[in-house]
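Encoded as structure tokens, the structure appears first; notes follow it.
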Amino acid sequence: MKRDKKKVFQFASLQSKYGTALSTYFKLPTSNPETIVLYDGENIFTESDAVIKIVSSLYGIWKSTIILKIVPGFIRNWFYRLIARNRYKIFGKKDQCMMPAENVKDRFVDNTTFTKN
């Protein structure tokens, strides 16, 4: 969120009302609710595709991550899953979930309903 200076992205838990409806509409597997999903208004991106799309849309050096698209998806996703499985060892674990501050609450769409335009 702090790197999304233009506030392009909104957020929802896959277990939320919005996330559940999005998952159902796009027939996303519910067996791995920790997978990152990006919905751009038309398409769904998951795992490394979502990360690359998100990070490369940020400003500065982050844009250069688009080059990772040349690596085959099965390889990128293997690394994505490896990092995801070990994320607490790599990044640490918080005792509780982040509660959004007042100035970012409007970026969470958990209680809205997903509708395809």
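The values are calculated or read from the model by the stated rules, or taken from the named source; none is laboratory data. This structure is a prediction, so every number in the text was calculated from the model and none was measured. A quick note on method: Cβ atoms are made from the backbone with ideal geometry, for glycine too, and the neighbour counts reach across all protein chains shown. Accessible surface is based on the protein model in full, side chains and every heavy atom, while ligands, DNA and RNA are left aside. Shrake-Rupley method; radii C 1.70, N 1.55, O 1.52, S 1.80 Å.
Please work out how much length the chain gains when fully extended from SER56 to PHE91, using 0.36 nm per residue of separation minus the C-alpha to C-alpha distance, in nm with one decimal.
Values: separation 35, 0.36 × 35 = 12.60 nm, distance 2.09 nm.
Extra length from SER56 to PHE91 when fully extended: 10.5 nm.
Under a 5 Å amide H to amide H cut-off, with H placed in plane at 1.01 Å, what residues pair with ILE36 once short-range neighbours are removed?
Residues meeting the amide H criterion: GLU47.
Using a 1.4 Å probe, how large is the accessible area of LEU68, given in Å² and rounded to the nearest 10?
Approximately 80 Å² of LEU68 is accessible to the 1.4 Å probe.
Can you tell me how much longer the chain between LYS116 and ALA84 gets when fully stretched, taken as 0.36 nm per residue apart minus their C-alpha distance, in nm with one decimal?
8.6 nm
Of TYR80, TYR18, THR35, which is farthest on the positive side of the dipole of the chain, counting Cα position, with +1 on Lys and Arg Cβ, -1 on Asp and Glu Cβ, and the Cα centre as origin?
TYR80
So if each residue of separation counts as 0.36 nm, and I subtract the Cα-Cα distance between ASN103 and LYS5, what length gain in nm does that give?
Working: separation 98, 0.36 × 98 = 35.28 nm, distance 1.31 nm.
Roughly 34.0 nm would be gained on extension.
Would you look at the GNM of the chain, springs on alpha carbons closer than 10 Å, and say which of LYS53, LYS17, LYS27 moves the most?
Evaluated over the chain, the most mobile residue of the options is LYS27.
Mind listing the long-range amide H neighbours of PHE11? Cut-off is under 5 Å, sequence gap 5 or more, other chains count too, H placed in the peptide plane at 1.01 Å from N.
PHE108, VAL109
Using a 1.4 angstrom probe on heavy atoms only, work out the carbon and sulfur share of the accessible area of the chain in %. Numbers along the way, then the final one.
Numbers: 5360 of 9040 Å².
Looking at the chain in its full context, I get 59 percent from C and S.
Kindly report, to the nearest 10 Å², the accessible surface of ASP40 as traced by a 1.4 Å probe over protein heavy atoms only.
Result for ASP40: roughly 70 Å² accessible.
Of the residues ALA101, ALA84, ALA12, which exhibits the maximal mean-square fluctuation in a Gaussian network model of the chain defined by a 10 Å Cα contact cut-off?
ALA101
Whole-Hz Karplus ³J(HN,Hα) for region 65-71, in order, using 6.51 cos²θ - 1.76 cosθ + 1.60 and θ = phi - 60°, x for Gly and Pro?
With the stated coefficients, region 65-71 comes to 5, 4, 4, 5, 5, 6, 7 Hz.
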